[in-house]
Amino acid sequence: MPARELLVEPGRLAAVAAVLQVAKASQEALDRLAELAAIVMDAPIALVNVIDTQSHLVGQFGLTEPFATSRQVSVDTTFCPSAWFVEQPLYIEDAAEDPSFTDRLEGFALDFAAYAVCPLRDADGHVIGSLCAVDTRPRRWRRVDRRALEALATSVVNELALYQDIDRRGRLLDAFAAAPAAIAVTRGPRHLVEYCNPAYRALFGTPPLETPVRQALPALPDEFFFLMDQVLAGGDVYRRTEAPLTMTWPGEQHPRERFFDFSYSAIAGTADEEVDYRGVLVVAVEVTARVLARVELERHARRQELLARASAALSRSLDPTAELQALARVVVPELADLSTVHLLARPTAPGADPPLPVVTDRVAVAGAAGVVLPPKLSGLRWYGNGDPITAAIRQGDLVGVPVSGAQPPEWSHNTGSVATFDGGLRHLVVGPVLVHGLVVAVVSFALQADRSLWSDDDLHALRQIARYAGIALEHGLSYQATRESALVLQRSLLIEPPTVEGVQICARYRPAGRDEVGGDWYDVFPRSYDQLAVVIGDVVGHDITAAAAMGQLSATLRCLALDRDDGPSAILDRLAAINARLSITPFATLLFATLTRLADHWIMRWASAGHPPPLLLTSGGVHMLPRVRGSALVTTETPPRGEAQINVAVGSTLLFYTDGLIEWRGRDLTDNLNALMARTAASQHSVIEPLCDDLLADAPTDDDIAVLAIHLVDRRHGS
């Protein structure tokens, strides 16, 4: 490659940039090498050049001004590229006689006649400059001169490499010193401390140099030294994040746990019988704040998740006792080893001494594995002798109750909890549960002796649990009051059937759940001496609203049936119009029938508002009566309903029912109707009370059911 092209080759320029500043900073040493070259070569001038777009005279001997001061010659000088920038050693004995230079000497500022130049190559082979010996008169360069110059050029390159290493080491040490990470360097198999930066000294103290790390830091676990041995032997890198380290730190009095991200890296080197220059670079970054923040965040997330589970427990049951038991379980074992809830027999004001004794029922208990649970008991009495119940009422907030480890507290003896506190429970906090400003219950939380006390965040969560307990009780008590009102209303509507000569009537009602209120109802009442009105209906819903709507429909239907002598379809159409205008219920099904007695049989007329058809039970079998046209009661106008009529023989039984008897989840409605007919056919239909009981016993329990059986007795025979 021509010299001028090689001058601007990017790789070479990068190599020059890497060494130029170091060379300029080392001019004094390079001047001595230039002087040595002049002496050895017996020349008046010697130069050390580093060449980029300029020729930088980083070492010189014998130059005159202005070059001795400026130390720079432009490469545009006609003579420079050919003379100083060479890829092979070049020896000119008389420039005036050399055909390569005779046409370029004019105007050259330096008075050179003979010169010898040897290239300076870095470790990668890039020509970064040259070493020159110059004479102002022609001369012959001997073989010994040439060998000497080339040897000196090698010395210059080595010197530059050394100064580069020193510079790199200095810059590295400066970076280490400014680094926030703790950095140390050890040497040899004994891990002698060779260097540690200020951050390291601030963390671990200042170990004496040339001291083994194990001796300098005896508090470090053996694991650390074992890992250093492995890294040194294998030449590998070991990294670990968030490693815990507990020791008494400089300036502190007691051991404390801190966390570090650290690495051990092997430092390559030579080892001989006298010195092992291999080493380990130790880098440690303290991440204690990060770890504690994450732990706190995780703990907070667990608290939030626990409170979410506690909140969810409130929607699983409307039984306050069941909800309180669920809340007690949520707390264990995350926040407590034992959790209990006591209901007060008499609510009392918080923040003052309550009337003694305070009587409670222990209604909820939950404990961790191994904890002896106190039994659920009623009528427990608390006399204010340091007991947790009166303490919580008096404080009006969460409060700690001292528990001695020597023996169970005095109040535990008459409250069934001696064995519980014998088992090692030591830390106890209690809190009042408020409903409408009064303490209605007390929650308690206990920890085993080997667990840490609650943090402020934990105590906040426990207060939330106490508040949730208040919500559970408030909702539960409100629901119980509402349910009782609805049950009273429903019982008032589901009256006993009337006594009618020649007719046996049996009615049964079963809610979907033990505590449910439903919208199913039945009614039987006389329209005249020889005519009965029969009603079976189902209002959507299982609450007091459904019960109230049922009551309004039942009363309205009675009025309509007794006001005029209309047939069943006309009466249902009038009822549907009233419901559409007044919006008594958004949806209800209903069947209305009349039974008219004749001399030897009965006539039944009926109309339906979307209700299942009744069954007719005779000596000849079970028959499903025809469905008649008619939509359910809704809040909009509906088409007129149809009507049907049949003769019913004396001795027959009519069975009316709501859809809960035939609608089973996962089964076809037709199959269920057929099954109902089969069960009815297998019974003695003239004995209607066992029939109704058997039908309810076999029915599903996820919906409320009303069943009405009417047996038409032969008055002549009484059957």
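Observations
- Scope the range 638-655; condition in contact with a helix residue (DSSP H, G or I) (Cβ under 7 Å, 6 or more places away or on another chain) and either more than 18 Å from VAL503 (Cα to Cα) or among the small types (Gly, Ala, Ser) (or both); matching residues: THR638, PRO640, ARG641, GLY642, GLU643
- Subset of the range 113-138 (residues that are buried (at least 18 other Cβ atoms within 10 Å of the Cβ) and farther than 14 Å from PHE85 by Cα): ALA114, ASP122, VAL134, ASP135
- Among the residues making up the range 562-572, those that are surrounded by 20 or more Cβ atoms within 10 Å (Cβ to Cβ) and of a type outside the set (Ser, Thr, Tyr) are PRO568, ILE571, LEU572.
- Note on the range 574-603: residues that are in a helix (DSSP H, G or I) and crowded, with 19+ Cβ neighbours inside 10 Å amount to 3.
- Subset of the range 95-138 that is touching a strand residue (DSSP E or B) at 6+ places or on another chain (Cβ under 6 Å) and farther than 22 Å from GLY59 by Cα - its residue that is modelled with the lowest pLDDT: ASP98
- Summed over the range 560-573, residues that are part of a helix (DSSP H, G or I) and of a type in the set (D, E, K, R) total 2.
- Extreme residue, nearest to HIS711 (Cα to Cα), among residues of the range 532-561 that are surrounded by fewer than 22 Cβ atoms within 10 Å (Cβ to Cβ) and in contact with a Gly (Cβ under 8 Å, 6 or more places away or on another chain): SER554
- Residues satisfying the stated conditions in the range 396-417, i.e. within 14 Å of ALA446 (Cα to Cα) and either over 38 Å from the mean Cα position of the chain (by Cα) or part of a loop (DSSP other than H, G, I, E, B) (or both): LEU398, PRO402, VAL403, SER404, GLY405, PRO408, PRO409, SER412, SER417
- A single member of THR340, THR360 is more than 25 Å from SER452 (Cβ to Cβ), touching a residue at least 12 places away in the same chain (Cβ under 8 Å) and among the polar types (S, T, N, Q), and it is THR360.
- Test: ASP145 is outside any helix (DSSP H, G or I), among the charged types (D, E, K, R), at pLDDT 85 or above and outside the structural domain of GLN215 (by TED's automatic domain parsing): no
- The set of residues in the range 64-94 that are within 15 Å of THR136 (Cα to Cα), at pLDDT 85 or above and outside any strand (DSSP E or B) comprises GLU93, ASP94.
- Among residues of the range 22-56 being polar (S, T, N, Q) and surrounded by 13 or more Cβ atoms within 10 Å (Cβ to Cβ), the one that is farthest from TYR91 (Cα to Cα) is SER26.
- Only a single item in (1) touching a residue at least 12 places away in the same chain (Cβ under 8 Å); (2) over 30 Å from HIS126 (Cβ atoms) is not met by LEU152, and it is number (2).
- Matching residues, the range 413-433, being of a type in the set (Gly, Ala, Ser) and more than 12 Å from ILE389 (Cβ to Cβ): GLY416, ALA419, GLY423, GLY424
- Of all the listed residues (ALA177, ALA216), the sole one being without any contact (Cβ under 8 Å) to a residue 24 or more places away in the chain and surrounded by fewer than 16 Cβ atoms within 10 Å (Cβ to Cβ) is ALA177.
- Within the range 400-434, the residues that satisfy the criterion of being in contact (Cβ under 8 Å) with a residue 40 or more places away in the chain and either surrounded by 22 or more Cβ atoms within 10 Å (Cβ to Cβ) or of a type in the set (S, T, N, Q) (or both) are THR415, SER417, THR420, LEU425, VAL430, PRO432, VAL433.
- Scan of the range 177-201 for residues that are at pLDDT 90 or above, among the hydrophobic types (A, V, I, L, M, F, W, C) and assigned to a helix (DSSP H, G or I), ordered by number: ALA199
- 2 or more residues under 22 Å from GLU474 (Cβ atoms): qualifying strands (runs of 3 or more DSSP E) within the range 324-388: 338-348, 358-367
- Members of the range 333-360 that are buried (at least 19 other Cβ atoms within 10 Å of the Cβ) and closer than 20 Å to GLN464 by Cβ: LEU335, ALA336, ASP337, LEU338, SER339, THR340, VAL341, HIS342, LEU343
- For ASP397, the conditions (1) over 16 Å from THR340 (Cβ atoms); (2) surrounded by 15 or more Cβ atoms within 10 Å (Cβ to Cβ); (3) modelled with pLDDT of 90 or more all hold with the exception of (2).
- Restricting THR635, THR658 to those that are assigned by TED's automatic domain parsing to the domain that holds TYR529, hydroxyl-bearing (Ser, Thr, Tyr) and touching a helix residue (DSSP H, G or I) at 6+ places or on another chain (Cβ under 9 Å) reduces the list to THR635.
- Flag if LEU344 is closer than 18 Å to PRO432 by Cβ and aliphatic (A, V, I, L, M): yes
- Pairs where the first residue, in the range 1-16, is assigned to a loop (DSSP other than H, G, I, E, B) and the second is modelled with pLDDT of 75 or more, C-beta under 8 Å, 6+ apart: MET1/GLU9; VAL8/THR53
- Checked across the range 665-681, the condition of being assigned by TED's automatic domain parsing to the domain that holds ARG510, loosely packed, with under 13 Cβ neighbours inside 10 Å, over 55 Å from the mean Cα position of the chain (by Cα) and free of Cβ contacts under 8 Å to residues at least 60 places away in the same chain holds for at least one residue.
- If only residues of the range 198-213 that are out of contact with any His (no Cβ under 8 Å at 6 or more places or on another chain), in contact (Cβ under 8 Å) with a residue 24 or more places away in the chain and not hydroxyl-bearing (Ser, Thr, Tyr) are counted, the one that is surrounded by the most Cβ atoms within 10 Å (Cβ to Cβ) is PHE204.
- Residue match in the range 702-714 (condition: surrounded by fewer than 16 Cβ atoms within 10 Å (Cβ to Cβ), in the same structural domain as ALA593 (by TED's automatic domain parsing) and part of a helix (DSSP H, G or I)): no
- Residues (in a loop (DSSP other than H, G, I, E, B) and hydrophobic (A, V, I, L, M, F, W, C)) located in the range 202-212: LEU209
- For the range 509-531, a residue qualifies if it is among the β-branched types (Val, Ile, Thr) and either surrounded by fewer than 17 Cβ atoms within 10 Å (Cβ to Cβ) or modelled with pLDDT of 80 or more (or both), and exactly one does: VAL524.
The values are calculated or read from the model by the stated rules, or taken from the named source; none is laboratory data. Source: prediction; values computed, not measured. Methodologically, a virtual Cβ is constructed for each residue, glycine included, from the backbone with ideal geometry; neighbour enumeration extends over all protein chains shown.
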